[in-house]
Amino acid sequence: MSIPGLHKSFTRKNGVLHAEGVSLEKLAAKHDTPLFVYSRQAIEERCREVTTAFAAPRCRAFFSVKCNGNQSILGLVRKIGLGADIVSGGELFRAKQAGFTGEDIVFAGVGKRDEEIAAALRFRIKSFNVESIPELKKIDKIARKLNRKARISIRVNPDIDAKTHKHITTGTSANKFGLLIKEALKAGALIKGMKGVELNGLHFHIGSQITDPGPFVRTAKYARKCVAEFGRIGLEVRVLNFGGGFGVSYDGRQVTPVSIFARQVLGELAAIDQEVFIEPGRYIAAPSALLLTRVVYRKEAGKRVFLILDSGMNDLIRPVLYQAYHHIEPVRKRPGRKEKVDVVGPICETGDTFARERLLPRLEEGELLALTCAGAYCASMASNYNARPRPAEVLVSGTSAKVIRKRESYKDLVRLES
Ligand code: LLP
């Protein structure tokens with residue numbers, strides 16, 4: 001039986017949840033909790049699933065560093081042949097440190113600063129995904145000063161609603177991202193007269209956690225129209241970048257695999273021959289990890305039962321920020337009647353709730369739980385709120401487990417302060 005929200009490399013053996021060949025009870029005893037636990041096999045298989053669906057030589061995938069920029073995770077992804085999709089100077093640094101070359105990197109984001117643009121130009125990145133005309137002018141100016149030519153993809157806002165959570169919808173005209181086609185064509189006309197930049201493609205990213213290929217297919221259709229419109233003003237589009245957004249299953253229900261997205265999108269593009277880029281993050285990383293945590297108290301208050309964990313919204317903010325569902329799995333199988341409980345963290349905010357009225361077996365103080373599907377937008381969005389050191393992270397490979405990020409110490413909390 002597979003565990004909801006996790007790749008099949010997480011299994012139960014003799015009643016105890018394992019990451020590949022390693023027991024989570026053993027990991028908790030050795031590394032303490034809360035602890036992010038990744039499976040190498042999971043990451044590698046998810047990467048291969050993506051690169052098989054969107055196959056070379058026509059396609060290339062750039063892993064979205066914002067979902068998980070850990071050096072070891074980036075290293076695994078890079079070895080399989082993916083590039084890196086970055087949105088800041090910090091992510092450029094992370095990608096460089098993990099061994100990506102300039103040719104492996106595309107750079108999106110609405111607020112690129114001068115020094116971030118200059119650093120990316122010096123590293124000769126593959127493409128800037130440009131989100132506004134002032135940004136285009138800025139890149140041109142800095143590139144001329146540095147005697148470089150920046151390769152540009154104009155991010156087009158297709159005004160297509162991806163029908164996902166409002167905080168992670170990006171492709172409608174109400175969002176701050178990209179340029180509507182009229183403006184994008186104006187940007188194209190400007191590029192023709194610029195010496196510091198050259199157009200290589202168009203970029204689209206309509207949102208995240210998208211489970212219906214429909215909006216992607218509409219975007220691909222729209223992209224074809226855009227290629228024609230750019231052609232009419234004498235600009236060749238060589239690359240179409242569809243961004244990320246492929247959704248995963250957080251609750252165990254089947255979702256559309258990336259191969260179906262690929263078949264439908266590439267089918268829509270069969271009559272044209274542009275290169276196709278994608279920037280998946282969640283699809284690769286989310287089901288490759290869990291957050292291991294322990295029950296600190298079982299508190300009964302009137303009719304409610306609260307399980308208070310040693311992990312909170314500072315470690316995993318998705319439930320409070322997006323009302324996201326994360327499956328909760330007891331590490332040791334507990335037979336018997338289930339009860340409805342509120343699973344909460346220790347933070348002094350009511351929002352610090354992982355689940356309300358969740359049906360779980362009766363769990364006592366000290367027991368271990370796994371919050372699943374925690375490999376994307378969890379560790380990377382963690383904070384020190386309530387002066388809580390961020391969790392350690394381990395990567396399991398077969399029967400061995402390596403610490404890929406040390407647990408922060410109290411000293412780390414004040415290290416940069418005076
Ligand atoms: N490309 C661009 C330009 C993006 O903005 C994003 C995500 C991606 C690629 C990767 O999308 P993915 O394949 O991971 O869906 N924190 C939110 C998700 C925010 C997504 C932001 N952009 C969450 O936890 O659901």
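The values are calculated or read from the model by the stated rules, or taken from the named source; none is laboratory data. Just so you know, these numbers come straight off a predicted model, no measurement behind them. Please note: Cβ atoms are built from the backbone with ideal geometry, for glycine as well, and neighbour counts cover all protein chains shown. Accessible surface is based on the protein model in full, side chains and every heavy atom, while ligands, DNA and RNA are left aside. Shrake-Rupley method; radii C 1.70, N 1.55, O 1.52, S 1.80 Å.
Summary of computed values
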quantity	calculated
Of all residues making up segment 50-88, the number that are in a helix (DSSP H, G or I) and surrounded by fewer than 17 Cβ atoms within 10 Å (Cβ to Cβ)	4
Exclusive hit being open to solvent by 10 Å² or more (accessible area, probe 1.4 Å) and touching a residue at least 12 places away in the same chain (Cβ under 8 Å), set LYS126, LYS13	LYS126
Residue within segment 144-164 that is closer than 23 Å to VAL227 by Cα and more than 25 Å from the chain's Cα centre (by Cα) present	yes
For THR256: the one exception among (1) in a loop (DSSP other than H, G, I, E, B); (2) of a type in the set (Val, Ile, Thr); (3) under 18 Å from GLU183 (Cα atoms)	(3)
Within segment 228-253, considering residues that are assigned to a helix (DSSP H, G or I) and surrounded by fewer than 20 Cβ atoms within 10 Å (Cβ to Cβ), the one farthest from the ligand (Cβ to nearest atom)	ARG232
Among (1) touching a residue at least 60 places away in the same chain (Cβ under 8 Å); (2) exposed (fewer than 14 other Cβ atoms within 10 Å of the Cβ); (3) not in a strand (DSSP E or B), the one test that ASN386 misses	(2)
Check on GLU417, out of contact with any Leu (no Cβ under 7 Å at 6 or more places or on another chain), open to solvent by 60 Å² or more (accessible area, probe 1.4 Å) and of a type outside the set (A, V, I, L, M)	yes
Close pairs (7 angstrom Cβ cut-off, 6 or more residues apart or separate chains): under 19 Å from ALA42 (Cβ atoms) in segment 365-378, of a type in the set (Asp, Glu) anywhere	ALA370/GLU329; THR372/GLU329
